[in-house]
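One structure is given here, and the rest of the page talks about it.
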């Protein structure tokens, strides 16, 4: 489906995994609010997943009219450099701040145990996602590619798999039918953007995030417990102890964190953008399951039905 | 611990023979469990043994509608669990003001002429049994006899959702500590309900907070009736409910179970069999409805009559009842008030 702001190009210098005949589509900014009324959910396992791999797309979609929500499935207890308990707290608080920085309307946290998610009941996880998709009437998700190779982190693939299954089951009235009693109607999620979270994972969309790079940096610098969001201020403090400074990092921690992120943490986006003639870009495997306005069968029946 | 508790309150039952046999228990040994008397028809709808708490209470009919505004969830693995073992109590509580829900967790696929038929007929039966008890019906459809393969945490999640949605105050469910229960569905459901009850009400919104964002409110479930299973059961009981006024409703709920359980159309089938042999049983009357009702009441409810007779009741059902936890704060405040002194 070709829409305004979307350009198909042959891949140059990179070899995305595409189906035969499929081309990489470059998504540029769309004028106005073409997505007004639509809802997306960015579902990640850890504080820094969406900030690193999909916050540019998130900011773009919201600027074009989407309402965005973010869901974190793990408790991130393994990251933060403090006790397990303190890590859970710091990641929780940073997730809330990151969500606000990007502009998500609400933040959900499930707190499954970090790195242990291959041992949870993912039926439980799926059920919770189905409720959220129905509650928020989610049209589009951004999450992990459950089929992406090279994925070492069980939290990623369990989350991705549960999201994929929840997307279509949310539209089935006999799945978790108690939700219907509560007034939440079946609602299928029809568009999916799967992250390229590991090298070599497939993509078929390149999203121009140049206009939204400041939002992406906003997101990254809130990820202090994991994601190197405060690396700039740490380097600045270390240099100060040695009686040195790096002009790049400026004169305060906030400036240092943002400058560090811009200089060192966006190389992947910069390289992806360069390959497609853009300043910065994120890659996704996009799946569109929107129904055409009229099915061929409906059209045939309409055109061929005759009086008895 | 249970055996110790039982000693004081159960002295009257010590000499009761089990199933018509004299006990060979040595005279200097006090039993820690007591054989439950059976009817002459041996329907086996009460458990083999009870252990009695010393503070056992007989719950009798209450005038008016003392439970008006409260919500009861009767939760069963199978379409015949509540109806057989505690439908009288459900009918009583609904009559006394509760809004009742009959929630079935399995799909009952193992009873029926085919799996598909079993699922459909039991769905209908659950609905009809609920109607007979004045309840609304709900089913989850987990696979029958395979629930130990289910994720109990997912069942719990769904129960918490329902408890919050319906604002349940009281549950009736099979005792999750019913010893020697052979059916995995019973154990899974009992444990899921037990854990869901308190988690549905935890303050602060940390259990499934997305449900609260969806507008649901925590549920305060302060009363639990754990019912016995039979015949394998060995249950601790501390409450006996007088169901004498509700026995006919219990019978009708059981007659509604066509695909499962010993009631259903058994009376009508017997009547037809006799007719083929040129005979009739006056008890069964002249139509199928009467036959089913009389068969069920006469042959299947007698165990509950035998149980009731122990307490001077016409019919009874027995439970492990768990009520509201006592709040110790008022007593602490009172103590502080009475004993605090000027500095």
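Only helices (runs of 4 or more DSSP H) whose full extent lies in region A:239-308 are considered here, and the ones with at least 3 residues that are modelled with pLDDT of 95 or more are A:253-264, A:267-275. Taking the stated definitions as given, is residue B:150 away from chain A (no Cβ under 14 Å) and closer than 28 Å to residue A:130 by Cβ? Answer is no for this residue. Just one residue in the set B:314, B:325 is assigned to a loop (DSSP other than H, G, I, E, B), at pLDDT below 95 and either touching a helix residue (DSSP H, G or I) at 6+ places or on another chain (Cβ under 8 Å) or surrounded by fewer than 20 Cβ atoms within 10 Å (Cβ to Cβ) (or both); that residue is B:325. Count, please, the residues in region B:178-189 that happen to be out of contact with any strand residue (DSSP E or B) (no Cβ under 7 Å at 6 or more places or on another chain), surrounded by 17 or more Cβ atoms within 10 Å (Cβ to Cβ) and away from every other protein chain (no Cβ under 14 Å). Residues that pass the stated criteria total 3. In the list A:238, A:214, A:222, which residue meets the criterion of being surrounded by fewer than 17 Cβ atoms within 10 Å (Cβ to Cβ) and within 17 Å of the chain's Cα centre (by Cα)? After applying the criteria, what remains is A:214. The sole residue among A:136, A:123, A:131 that is under 18 Å from the mean Cα position of the chain (by Cα) and either farther than 19 Å from residue A:49 by Cβ or within 13 Å of chain B (Cβ to nearest Cβ) (or both) is A:136. Please indicate, with yes or no, whether at least one residue in region B:105-126 is buried (at least 20 other Cβ atoms within 10 Å of the Cβ), touching a helix residue (DSSP H, G or I) at 6+ places or on another chain (Cβ under 6 Å) and within 14 Å of chain A (Cβ to nearest Cβ). Yes, some residue in region B:105-126 is buried (at least 20 other Cβ atoms within 10 Å of the Cβ), touching a helix residue (DSSP H, G or I) at 6+ places or on another chain (Cβ under 6 Å) and within 14 Å of chain A (Cβ to nearest Cβ).
Taking region A:169-179 as the range and being out of contact with any strand residue (DSSP E or B) (no Cβ under 9 Å at 6 or more places or on another chain) and either surrounded by fewer than 14 Cβ atoms within 10 Å (Cβ to Cβ) or at the interface with chain B (Cβ under 8 Å from one of its Cβ atoms) (or both) as the test, the residues that pass are A:172, A:173, A:176, A:179. Do we find that residue B:160 is in contact (Cβ under 8 Å) with a residue 24 or more places away in the chain, within 19 Å of residue B:189 (Cα to Cα), part of a helix (DSSP H, G or I) and within 14 Å of chain A (Cβ to nearest Cβ) in this structure? Yes; evaluated as a whole, the condition is true for this residue. Taking the criterion of being within 8 Å of chain B (Cβ to nearest Cβ) and surrounded by fewer than 21 Cβ atoms within 10 Å (Cβ to Cβ), the only residue of region A:104-119 that qualifies is A:106. Checking each residue in region A:175-198 for being touching a helix residue (DSSP H, G or I) at 6+ places or on another chain (Cβ under 9 Å), part of a loop (DSSP other than H, G, I, E, B) and on the phi < 0 side of the Ramachandran plot picks out A:175, A:182, A:184, A:185, A:186, A:187, A:188, A:189, A:190, A:196, A:197, A:198. Take the residues in region B:222-232 that are assigned to a loop (DSSP other than H, G, I, E, B) and in contact with a strand residue (DSSP E or B) (Cβ under 6 Å, 6 or more places away or on another chain); name whichever of them is nearest to the other protein chains (Cβ to nearest Cβ). Step by step, filter region B:222-232, then rank; the result is B:229.
Listed here are the residues, each with its yes/no results for (1) within 26 Å of residue A:74 (Cα to Cα); (2) free of Cβ contacts under 8 Å to residues at least 12 places away in the same chain; (3) within 14 Å of another protein chain (Cβ to nearest Cβ).
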site	(1), (2), (3)
A:182	no, yes, yes
A:199	yes, no, no
A:203	yes, no, no
A:241	no, yes, no
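In region A:90-101, is there at least one residue being modelled with pLDDT of 95 or more, surrounded by fewer than 18 Cβ atoms within 10 Å (Cβ to Cβ), over 23 Å from residue A:223 (Cβ atoms) and within 14 Å of chain B (Cβ to nearest Cβ)? The answer is no; no qualifying residue exists. All conditions but one from (1) crowded, with 23+ Cβ neighbours inside 10 Å; (2) touching a residue at least 60 places away in the same chain (Cβ under 8 Å); (3) within 14 Å of chain B (Cβ to nearest Cβ); (4) closer than 23 Å to residue A:175 by Cβ apply to residue A:159; the one that does not is (3). Within region B:85-102, if we keep just the residues that are more than 23 Å from residue B:296 (Cβ to Cβ) and in contact with a helix residue (DSSP H, G or I) (Cβ under 9 Å, 6 or more places away or on another chain), the residue that is surrounded by the most Cβ atoms within 10 Å (Cβ to Cβ) turns out to be B:98. The residue that is nearest to the other protein chains (Cβ to nearest Cβ), counting only those in region B:190-217 that are closer than 17 Å to residue B:103 by Cβ and not in a helix (DSSP H, G or I), is B:216. For region B:128-146, the candidate set comprises residues that are crowded, with 17+ Cβ neighbours inside 10 Å and within 14 Å of chain A (Cβ to nearest Cβ); within that set, the residue that is farthest from residue B:256 (Cα to Cα) is B:142.
The set of residues from region B:288-304 being within 21 Å of residue B:172 (Cβ to Cβ) and either in contact with a helix residue (DSSP H, G or I) (Cβ under 9 Å, 6 or more places away or on another chain) or free of Cβ contacts under 8 Å to residues at least 60 places away in the same chain (or both) comprises B:296, B:300, B:301, B:304. Kindly evaluate residue B:166 against the criterion of being within 14 Å of another protein chain (Cβ to nearest Cβ), over 18 Å from the mean Cα position of the chain (by Cα) and either within 15 Å of residue B:104 (Cβ to Cβ) or surrounded by fewer than 24 Cβ atoms within 10 Å (Cβ to Cβ) (or both). Criteria met by residue B:166.
The values are calculated or read from the model by the stated rules, or taken from the named source; none is laboratory data. All values reported here derive from a predicted model rather than from experimental measurement. Heads up, the Cβs are rebuilt from the backbone with ideal geometry, glycines too, and the neighbour counts pull from every protein chain shown.
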